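**Q** Once you've had a glance at the structure underneath, I'll fire off some questions.
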Amino acid sequence: MRTQLIPLAWLIGLAGPAFAGPAHAEEAGGATPVDEAVVTVARLPATPADAPGLRVVTRDEIDSIQAGFASDILTTVPGVSLYSEGAFGGLTSVRMRGASTDKTLVLIDGVPMNDPATPSGAYDFASLDLAQVERIEILSGPQSSLWGSAAIGGVISFTTREPDDISAGVEAGSFATSHAWVSVGSAGPDRAVSAYLSAFNTNGVSQADEADGAREADGFATWTAGAAGRLRLAEQAEVDVRMRYTDADVDTDGFPPPDYELADTADRAQTRTWSGGARARIAGPLGIEQTLSLSAYDIARESFGAFPGRFTGERQVWRWTGAHDQAAERWGLVGGVEYERVRGDASFADATLETASAFVVGRLDLGRGLRLTAGVRHDAPEDFAGRTTARLAVSLRLDDGWRASASWGQGFKTPTVSQILCDFCYAPPAPLRPETARGWDATLGWKDPGGRVQGSLTVFGLTVEDQIAYVGGRYQNIASTSARGLEADLEADLGAGFRVKAGYAYTDAVDDQTGRALLRSPLHSGSASLFWRQTDFDAALTLRAESEQSDVVGFSVGVRPGFAVLDLAGGWAVNPRVRLTVRVENLTDAIWQEAAGYGEPRRSGWIGLRLRY
């Protein structure tokens, strides 16, 4: 593992991609409405009302349902489905609009986090603690023209807090679980410095859902530490630096002989991840802001058991951008060049992929609520033919609170290092071609003039050509897959302190050659949360449900049954600095599975204490 590259990156000091700006903690009651929140995942600043496929999860919502990890809240977002190989530390990935797990780009403070040491290159959400996360931005649909490879299904961007206080929390409950975190920071217009630490430990439940009821608990322990700094050097110049380290150890279950079926075993896995970035910004002439940045990511994974292995991966992204986007003007433009180097190795080989890219994104406000956004990007990977992708979006604000938007975009994804090396192959490697995609969506939304009720309905389509799949003991390009569906969102203030938020997705994702449903993509999924807040008390009741889905059962294709899970969370603000919390998950004690064969907890509960000074 080449962790020495990361301190060097910090010393060079020029940060991650469009290195997401620090988020300032908002005082209670002062949160910006979600539909008006300005986000950066779309490259040019935009609001969800003006950017098709864009959704935002705020810190207020994270706190209301007491989500400890990213997987706890992403499953409530329409069009996002979760795949988890068991609760508490099991490999966890997401699918967006039916696209496979490797086609979602994950950013933390602008740093790409997709794992170059896994076969698909997908990010594992199992250890992503939300204690320090201020906002989550989800941009669905092909976004390669904005972010390059791995963004065919969409982008999920996490922005951490820039605290100006001392805050801490502790929580304990079922399965001998404990969760604690602390952050300290000082922030002002010209400088900021902060650090945080979070730790989680549990005895867990059995990952293998044994039919005979014989189970051994699979434990999980993880901790994350981070630090950040920002300094204004002059009126027109600023630098900022961020770093993050995560350490995770999880007991896993395996496929022991002679049956090679998922069962209780003594297998375990360790993961160590460094990530960080730095950025320098200079406001130049003609209102153009110059940004020079570098981000770095380094991971080492080791598994112990019947099939042991060690894998490492690293990524560096250098980027320069120039942006002109003044709020008073009717147009905005951002363009840049970047260079990405990804290296991964397994127990027997390693490979490096290098890509140079250039992109430009423009916005034009035509008046009367009409906005056009267009982007184009060219990626030139060293080992494959270059590809140009484009995206076009239009939004229109109508009378009486109505709005409409639509977008069309292309996707492009090179094979991963692991696929090129043909990890876990039992047949000679096959030549691989990059995957390509095209997708579209259209949204009609409405918000009443008083702001008490708002909703939207989105229809979408996505086609992936030359998708890479593991077939016949090796990775091969299959012809194409497609997904069609709709997503619905609703939020309403019911009065008397009650608020409801609900979402539903219909996703018909199929292999175009066989007509069969794609694995682990439920046809129906949805969630509904009822929030209540009165002075010092608050509560949230959340129902999440999915229909049955095609899944791998043993070594064949089967069906994972549908499920519905109900969770309850509540809190009491003893005073402005102290808050007591309680949470009950799986309130109805349902027997359910997120992925076929992997166990999930029955009814369980936690109590906690949160402090702020």
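**Q** Within segment 225-243, identify whether any single residue is without any contact (Cβ under 8 Å) to a residue 60 or more places away in the chain, within 23 Å of the chain's Cα centre (by Cα) and either surrounded by fewer than 20 Cβ atoms within 10 Å (Cβ to Cβ) or within 27 Å of D129 (Cβ to Cβ) (or both), and answer yes or no.
**A** Within segment 225-243, one or more residues are without any contact (Cβ under 8 Å) to a residue 60 or more places away in the chain, within 23 Å of the chain's Cα centre (by Cα) and either surrounded by fewer than 20 Cβ atoms within 10 Å (Cβ to Cβ) or within 27 Å of D129 (Cβ to Cβ) (or both).
**Q** Which members of segment 281-302 meet the condition of being part of a strand (DSSP E or B) and surrounded by fewer than 18 Cβ atoms within 10 Å (Cβ to Cβ)?
**A** Result: I282, A283, E289, Q290, E302.
**Q** For segment 143-185, which residues satisfy the criterion of being within 16 Å of the chain's Cα centre (by Cα), of a type in the set (S, T, Y) and under 25 Å from L609 (Cα atoms)?
**A** T159, T160
**Q** Quick check on this structure: which one of E340, E302 is more than 30 Å from Q236 (Cα to Cα) and of a type in the set (D, E, K, R)?
**A** Of E340, E302, the one residue that is more than 30 Å from Q236 (Cα to Cα) and of a type in the set (D, E, K, R) is E302.
**Q** Run down D298, D259 and say which single residue is without any contact (Cβ under 8 Å) to a residue 24 or more places away in the chain, under 30 Å from L91 (Cβ atoms) and of a type outside the set (S, T, N, Q).
**A** D259
**Q** In addition: For segment 495-613, list the strands (runs of 3 or more DSSP E) that sit wholly inside it and hold at least 2 residues that are modelled with pLDDT under 95 and surrounded by 15 or more Cβ atoms within 10 Å (Cβ to Cβ); which are they?
**A** Qualifying strands (runs of 3 or more DSSP E): 498-511, 549-553.
**Q** I've got another one for you. Within segment 449-476, how many residues are buried (at least 18 other Cβ atoms within 10 Å of the Cβ), part of a loop (DSSP other than H, G, I, E, B) and either in contact with a Gly (Cβ under 9 Å, 6 or more places away or on another chain) or at pLDDT 95 or above (or both)?
**A** 0
**Q** What residue, among those in segment 81-124 that are more than 30 Å from E216 (Cβ to Cβ) and among the hydroxyl-bearing types (S, T, Y), is surrounded by the most Cβ atoms within 10 Å (Cβ to Cβ)?
**A** The extreme case among them is T104.
**Q** Follow-up question, since we're still on this one. Would segment 431-443 turn up any residue that is modelled with pLDDT under 85, out of contact with any His (no Cβ under 6 Å at 6 or more places or on another chain) and in a loop (DSSP other than H, G, I, E, B)?
**A** No, that holds for no residue.
**Q** Quickly run through segment 276-295 and pick out the residues that are over 23 Å from R191 (Cβ atoms) and in contact (Cβ under 8 Å) with a residue 24 or more places away in the chain.
**A** L286, G287, I288 - these are the residues of segment 276-295 that are over 23 Å from R191 (Cβ atoms) and in contact (Cβ under 8 Å) with a residue 24 or more places away in the chain.
**Q** Restricting attention to segment 252-268, which residues are among the charged types (D, E, K, R) and at pLDDT 85 or above?
**A** Those that are among the charged types (D, E, K, R) and at pLDDT 85 or above: D267, R268.
**Q** For S456, indicate whether it is closer than 28 Å to L541 by Cα and of a type in the set (S, T, N, Q).
**A** So S456 fits the description; yes.
**Q** If you check every pair at least six apart or on different chains, which have Cβ atoms under 6 Å apart with a residue in segment 378-394 that is in contact (Cβ under 8 Å) with a residue 40 or more places away in the chain first and a residue that is of a type in the set (V, I, T) and surrounded by 15 or more Cβ atoms within 10 Å (Cβ to Cβ) second?
**A** Cβ pairs passing all conditions: D379/T355; P381/T355; P381/T414; F384/T414; A390/V376; A393/T373.
**Q** Can you tell me which of S144, S71, S127 is in contact (Cβ under 8 Å) with a residue 24 or more places away in the chain, of a type in the set (S, T, Y) and crowded, with 24+ Cβ neighbours inside 10 Å?
**A** The unique qualifying residue is S144.
The values are calculated or read from the model by the stated rules, or taken from the named source; none is laboratory data. Keep in mind it's a predicted model, so treat the numbers as computed, not measured. Neighbour counts are summed over all protein chains in view; Cβ atoms, including those assigned to glycine, are modelled from backbone coordinates with ideal geometry.
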